[in-house]
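Input: a single structure, listed below in structure tokens.
Values in this text are rule-based calculations from the coordinates and carry no lab data. What you are looking at is a predicted structure, and each value in this text was computed from that prediction instead of being measured. Cβ placement follows ideal geometry from the backbone for every residue including glycine, while neighbour counts extend to all protein chains displayed.
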Amino acid sequence: MNSINELAIVSPWEPGLLSLALYAFMVSLVVATMLIFAARLGKGQPAPQKPEAYESGIRPTGSARFPFSIPFYLLATFFLIFDVEALYILSWAVAAEPLGWEGWMQITFFIGVLLVSLLYIWKKGGLEWGPKSPKSPERPRI
């Protein structure tokens, strides 16, 4: 004879595999229906205007592709790195008291790693954006 726990798996009154299977089936059915309707109703007529870019009714002139300089991407990357770092430090500051000394040591290590990375970027010249100034010729040392 089967125990009650074995029968509870297929019971619609208890959360179990039956409700998960029914949910998965219903989601699959809805997705399939939407895909079929989109394929049947969405077939449009190709027109020469469709591949053109639309910018508020203004006809495009020239190419939309123009090169960005490398410092632009470097600045964006540095901003993301140090912006996320600020979020971590802010969240630590909110929960500093419950975290105690262990949390303080972890955030100190985190800030130390960030300072080392900032010094590395600085040393490699990643923070120099302007044109390079001509260096004065070095005098030979005697």
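Note that the range 67-82 has calculated 3J(HN,Hα) couplings of x, 9, 6, 4, x, 4, 5, 4, 4, 5, 5, 4, 4, 4, 4, 7 Hz, one per residue in order, obtained from phi through the Karplus relation 6.51 cos²θ - 1.76 cosθ + 1.60 (θ = phi - 60°); glycine and proline are x. With a Förster radius of 30 Å applied to the C-beta separation of residue 20 and residue 43, the computed FRET efficiency comes to 0.25.
Residue order for 85, 102, fewest other beta carbons within 10 angstrom first, comes to 102, 85.
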